[in-house]
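The values are calculated or read from the model by the stated rules, or taken from the named source; none is laboratory data. Quick caveat, the model's predicted, so the values are computed rather than measured. A quick note on method: Cβ atoms are made from the backbone with ideal geometry, for glycine too, and the neighbour counts reach across all protein chains shown. Areas reflect the complete protein model, heavy atoms only, side chains present, ligands, DNA and RNA absent. Shrake-Rupley method; radii C 1.70, N 1.55, O 1.52, S 1.80 Å.
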Amino acid sequence: MRTSFIAREVGGGLRRNFTMTVALIVSVAVSLTLFGAALLMRSQVDRMKGYWYDKIQVSIFLCGENSLAYNCTGAVTDTQRNEVRATLEGLKPTVQEMYYESSNEAYARFKEQFKGSPIIANVAPSAMPESFRVKLDDPSHYDEVAAALEGKPGVESVQDQRKLLERFFQILHGLQTFALAIAGAMLFVTVLLVMNTVRVAAFARRRETSIMRSVGASNSSIRLPFILEAVTAAVLGAGLAAGTLVAVKQYVIDARLQPNLTFIAWVTWQDVLAILPWLFVVGIGTAVLASGFTLRRYLKG
Amino acid sequence: MIRFENVSKQYKNSQRPALTDINLDIEQGEFVFLVGSSGSGKSSLLRLLLKEETATSGNVSIDGLDVGKLSNRKVPALRRTLGIVFQDFRLLPSKSVFDNVAFGMEVIGKNRKEIRERVPEVIELVGLEGKEDRLPSELSGGEQQRVALARAFINQPKILLADEPTGNLDPSTSVGIMKLLDRINRTGTTILMATHDVAIVDQMRKRIVQLEHGTIVRDQQRGMYGHTGH
Ligand SMILES: Nc1ncnc2c1ncn2[C@@H]1O[C@H](COP(=O)(O)OP(=O)(O)OP(=O)(O)O)[C@@H](O)[C@H]1O
Ligand SMILES: [Mg+2]
């Protein structure tokens with residue numbers, strides 16, 4: 001069939017069915033935005049994991065003047081510090097890299113992280129504990145390191161950073177699952193809306209379709225305008241969802257979060273652009289399947 | 001060209017058969033009236049040719065093509081070789097005369113150039129030149145039926161099926177439609193027309209096939225409605 005003829009039929013159908021079309025576009029947009037948000041969160045977790053797991057895995061905090069830990073008797077001495085360093089050296093190759101951070105360095109990093117925050121005024125450099133930052137060949141070897149160092153003189157505590165991060169990732173994962181669940185429910189609503197829209201459209205145009213059939217139009221050309229109507233609405237909805245994600249990246253992540261939370265690796269434009277096609281794939285796929293299924297029932301050849 | 005062999009049709013939700021053991025041969029270029037009282041099976045017979053219904057037993061064929069065994073996918077191709085006109089015109093109310101006629105070409109994928117050439121020709125053939133831009137609601141019944149005829153004839157079908165095309169028209173308007181059908185018939189198109197219209201049948205003096213209770217009770221060349229010819 002000629003494209004201009006189809007375009008006219010589709011345009012006419014969408015206008016006639018205006019309220020339904022708007023409802024359809026909005027529900028496609030909402031479900032795909034949530035779907036996209038869930039994918040974005042997953043990319044975010046991947047980014048952060050890659051960034052942090054690569055850096056530190058275990059922190060060994062040393063006693064300071066005011067440490068309250070029970071095996072701390074005042075600030076760590078040079079001998080104790082060398083002892084800890086030697087123990088860590090002895091744990092190679094489990095300990096892959098290690099790096100000593102003094103109180104002053106810790107304070108400088110802290111100041112950098114909380115730039116402009118009044119909290120800095122309340123913290124003295126001496127309050128920041130010195131530490132060894134250690135990277136393991138395999139993060140699951142944490143217990144081995146902890147057993148060797150915990151309770152040693154001069155060691156205040158041994159922290160598995162990965163565990164801390166993991167709790168945070170769990171929260172993100174929970175959010176992601178939640179977003180996916182709502183996206184799924186909205187997608188279900190979208191399917192019902194597509195089915196209803198197509199059913200109403202098929203009923204409104206039963207005269208046209210019966211005439212088309214009687215002059216020998218093929219089944220596919222009778223169904224095509226209806227399917228294209230649903231697809232058009234889905235593309236518009238997916239476009240809105242894509243626009244929303246781009247806006248989140250531009251105006252929320254890049255403009256607000258990134259400058260304030262510099263120690264976090266944020267999703268890149270590449271991550272966002274990789275998600276966008278999936279919105280269209282899911283949107284168009286849903287529209288085609290739901291409308292095709294409905295037409296099979298309501299436009300019997 | 002059209003052949004019914006021992007055809008019977010029994011609708012699922014009806015006690016008696018709509019058609020019983022129909023045998024009928026129609027040659028290319030013939031003009032055949034299908035007459036009979038209401039419920040005698042005229043529309044059912046036409047629907048079998050369109051494959052809107054399938055015969056319960058027997059064979060229906062067009063040009064040697066077994067219509068009953070046609071797969072759903074091939075039905076559109078069959079219908080493109082047939083033109084159809086109904087009592088209630090079946091025009092699209094929101095489309096102009098031109099677009100209604102062009103619709104028959106658009107749905108089978110003809111291009112704009114072919115449509116621009118062919119549609120005015122056929123509109124002229126049915127005598128509606130100058131009314132191309134009107135909507136069906138702005139036409140008389142007779143004019144609407146001319147539009148429907150133009151649409152049915154636009155792709156030059158070999159066979160034109162008409163189910164009481166004059167049923168909603170007054171006698172003088174009906175005569176105009178019959179003249180048009182006669183003209184179309186003279187181009188070589190086979191016409192099978194179901195009707196109750198005694199005056200028309202008597203005037204035209206064409207072949208008459210009469211159905212009663214689903215069986216053919218008369219098949220007569222150059223017949224009159226009321227006379228059996230014996
Ligand atoms: N879809 C159907 N389902 C069940 N029975 C049907 C159906 N269509 C027609 N019939 C029955 O088949 C018989 C023949 O009907 P048909 O419509 O062919 O008659 P007809 O000769 O066209 O009548 P009319 O002159 O009133 O149009 C009737 O008894 C009718 O009730
Ligand atoms: Mg009838």
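Have a look at B:Y11, A:L236, B:Q203 and report the one farthest towards the positive end of the charge dipole of the protein assembly as shown, computed about the Cα centre with Cβ charges (Lys/Arg +1, Asp/Glu -1). The listed residue farthest towards the positive side: B:Q203.
For chain B, give the percent of accessible area contributed by carbon and sulfur heavy atoms, probe 1.4 Å, rounded to a whole number. Result for chain B: 45 percent of the exposed heavy-atom area is carbon or sulfur. Cross-link pairs exceeding 29 Å in C-alpha to C-alpha distance, out of B:K131/B:K158; B:K69/B:K113; B:K131/B:K206; A:K49/A:K249; B:K74/B:K113, comprise B:K69/B:K113; B:K131/B:K206. With contacts taken as Cα pairs under 8 Å and at least 6 residues apart, region B:93-156 reaches a relative contact order of 52 percent. Mean partner shielding of peptide A:206-214, defined as the number of other chain Cβ atoms within 10 Å of each residue Cβ, is 6.
Please state, as a whole number in µm²/s, the translational diffusion coefficient that the Stokes-Einstein equation yields for region A:55-161 at 4 °C and 1.567 mPa s, with Rh defined as the Kirkwood radius across alpha carbon pairs. Translational D for this selection: 90 µm²/s. Rounded to the nearest 0.05, what FRET efficiency do A:D137 and A:V189 have when you use their Cβ-Cβ distance and R0 = 41 Å? For A:D137 and A:V189, the calculated efficiency is 0.25. Length available on full extension from A:A108 to A:I6: 0.36 nm per residue minus the Cα-Cα distance, which gives 30.0 nm. Taken over region A:55-161, lysine pairs spaced eight or more positions apart, or on distinct chains, with alpha carbons under 25 Å apart number 9.
Each part gets one Cα centre, and for region B:88-126 versus region A:214-255 those centres are 31 Å apart.
From helices alone, chain B scores -10000 deg cm²/dmol at 222 nm; the rule is -39500 (n - 2.57) for each run of n ≥ 4 DSSP H residues, then divide by the residue total. Element breakdown for region A:55-161 at a 1.4 angstrom probe: carbon and sulfur atoms account for 52% of the accessible area. Here chain A is assigned +1 on the Cβ of each Lys and Arg and -1 on the Cβ of each Asp and Glu. Its dipole about the Cα centre then comes out at about 2780 debye. Compute the distance from the alpha-carbon center of region B:175-230 to that of region B:42-64, in whole Å. Centre-to-centre distance over Cα atoms comes out at 19 Å. Using the 1.4 Å probe convention, the accessible area of region A:1-159 works out to 53 Å² per residue with neighbouring protein chains retained. Projecting the Cα atoms of A:M212, B:S172, A:L62 onto the charge dipole of the protein assembly as shown (Cβ charges, centred on the Cα centre) puts B:S172 farthest toward the positive pole. What total accessible surface area, summed over both chains, is buried at the interface between chains A and B, computed with a 1.4 Å probe and given in Å² to the nearest 100? Buried area (both sides, nearest 100 Å²): 1700 Å². A cut-off of 5 Å between modelled amide H atoms, ignoring neighbours fewer than 5 places along the same chain, links B:R218 with B:Q210. Per residue, chain A reaches -22500 deg cm²/dmol at 222 nm when only DSSP H runs of four or more residues are counted, each adding -39500 (n - 2.57).
Membrane-span-like helices in chain A, defined purely by DSSP H runs whose alpha carbon atoms cover 30 Å or more axially and whose average Kyte-Doolittle hydropathy reaches 1.0, are A:161-204, A:219-247, A:269-298. Counting only Cβ charges, +1 for Lys and Arg and -1 for Asp and Glu, the dipole size of region A:171-301 around its Cα centre is about 800 debye.
For peptide B:72-79, the mean count of partner chain Cβ atoms within 10 Å of a residue's Cβ comes to 4.
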